[in-house]
Structures are given as structure tokens and as C-alpha cells.
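Values in this text are rule-based calculations from the coordinates and carry no lab data. Keep in mind the model is a prediction, meaning the values are calculated, not measured. A quick note on method: Cβ atoms are made from the backbone with ideal geometry, for glycine too, and the neighbour counts reach across all protein chains shown.
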Amino acid sequence: MVRKSKDAEFICEYEIKDHKIMTMEEEKRERVIAAALKEFNKGYHSANIDEIIKEAGISKGLIFHYFGSKRGLFLFLLKYSAEIINNEYAKVILSSRDFLENVWEVSKLAMEMTLQYPLIYGFIGKAVFVLNEIFPEGLPKDIPNSNEGLLQEILKKSDRSFFRDDIDRDKAQNVALWTMKGFSDSLLAYGDDLENYNANLDKLMKEFEEYVELLRKLLYK
């Protein structure tokens with residue numbers, strides 16, 4: 001028999017709008033979320049609930065009332081962050097039929113959003129490395145996957161006739177998407193050093209644009 005974890009009530013599927021904390025006064029709620037994101041930017045194991053309550057100005061009892069445990073708070077932040085990013089990506093209007101142009105536009109937005117939401121991206125950058133450890137039972141299935149949704153949108157909107165006739169177009173698309181993912185993963189090296197990231201943003205965008213242009217020469221007619 002599988003034993004339920006003591007925080008099982010909080011490790012489940014739910015929409016952010018239905019979470020208990022949404023009943024909290026907005027300014028106070030945003031303070032709690034910001035304090036938690038800031039603390040978890042140190043990494044899951046280094047994050048200290050006492051620091052969060054001190055920063056947010058609330059009691060430890062309230063934290064456990066709303067989230068059940070450190071793990072429950074961590075899951076809420078994952079869902080909250082994914083929803084914020086998903087909502088931003090949902091605003092993207094891909095008007096071009098050019099696959100590589102759409103890849104470039106989406107990648108550019110992702111790089112800019114890192115500066116718009118530094119706490120969220122810093123949190124996610126650390127979180128991805130401990131998900132299997134913290135949630136051995138697996139994550140709830142309702143965490144929105146903005147990347148998957150955008151990928152499907154790019155593939156749906158793109159005109160495959162741009163690709164050369166003498167290459168496999170599925171493989172060509174995969175090469176471009178792997179390049180995008182590899183470049184995005186390389187940005188994690190900046191961690192929470194946003195000052196350095198910001199200083200290099202124009203250079204990074206130019207570098208990725210050069211990759212896109214190289215792919216255009218290799219894969220397009």
C-alpha cells in the first residue's frame with residue numbers, strides 16, 4: 001500500500017485562482033510570493049522558511065496554513081511561475097509562415113522575459129534540477145507547459161515549403177528546435193547574475209540571430 005505524504009492535500013492538481021492564498025489581501029499575497037521566490041532562488045535545499053516569513057512579515061503558522069509544507073510552497077511557486085510564463089507566451093501572435101522567423105521571435109521573447117521576471121526565471125533555473133528528488137511521485141499533471149503549446153503553434157503556422165526539397169523536413173525542424181533549446185539551456189549558466197545577463201543581452205540576441213541565419217542558409221531553398 002502506498003502511504004500518503006502528510007502534505008498530500010497540497011501536492012495535487014489545482015488552479016492558481018482556486019488556491020487558498022488567493023483569499024489573502026493582494027498586496028500581502030504578492031509580498032509572500034515575492035519573498036518565497038527570492039528565497040528559493042538560493043535553491044530548494046538552501047531555502048529557509050524562516051527567511052521567507054521574516055521578509056514577508058507573516059507568521060510561520062500562516063505559511064503552513066496556506067501551503068502545508070516547504071514542498072507545498074515549492075509546488076505552488078512552480079505552478080504560479082508556469083502560469084505567468086504561459087500567459088505571456090499566449091500573447092504571442094505568430095503572423096509569419098516562416099518557421100525560422102517564428103523560432104527567432106519566440107526565442108527573443110524568452111530572453112527579454114528573463115529580465116521582466118527575474119525572480120521567476122531564477123527560481124525555475126534552480127528548480128529544474130531537483131524536481132525528481134522533491135517529487136519522486138511525479139508532479140501533478142496540470143502544470144502548464146508553455147513550451148509545448150508554443151511549439152505546436154509554431155509547427156501549425158509554419159510553411160514547410162521553405163525547406164529545401166532534398167532534405168527531410170521533419171529532421172530540419174528538429175535541428176532548428178534543438179538549436180533553440182541548446183542555446184536556451186546555455187543561458188542557465190548566468191544563474192541569478194542578472195546584471196551580467198542584462199549587460200550581455202544584446203550580444204546574446206545577436207549570437208542567436210546568427211544561428212538562425214546559419215540555419216536559414218543550410219536548411220532553406
Task: Residues of the stretch 34-44 satisfying the condition of being assigned to a helix (DSSP H, G or I), of a type outside the set (Lys, Arg) and crowded, with 19+ Cβ neighbours inside 10 Å - done: Ala35, Ala36, Leu37, Glu39, Phe40
TODO: Consider only pairs whose beta carbons are under 6 Å apart and that are at least six residues apart or on different chains; among these, list those whose first residue lies in the stretch 172-196 and is in a helix (DSSP H, G or I) and whose second residue is among the aliphatic types (A, V, I, L, M) and surrounded by 13 or more Cβ atoms within 10 Å (Cβ to Cβ).
DONE: Ala172/Leu219; Ala176/Val103; Ala176/Leu215; Met180/Val103
Open item on the list: If a residue must be buried (at least 17 other Cβ atoms within 10 Å of the Cβ) and under 14 Å from Glu112 (Cα atoms), how many such residues does the stretch 169-189 contain?
Closed with: 1
- [ ] Please specify each residue of the stretch 45-73 satisfying the condition of being without any contact (Cβ under 8 Å) to a residue 40 or more places away in the chain, among the hydrophobic types (A, V, I, L, M, F, W, C) and part of a helix (DSSP H, G or I).
- [x] Ile49, Ile52, Ile53, Ala56, Leu62, Ile63, Phe64, Leu73
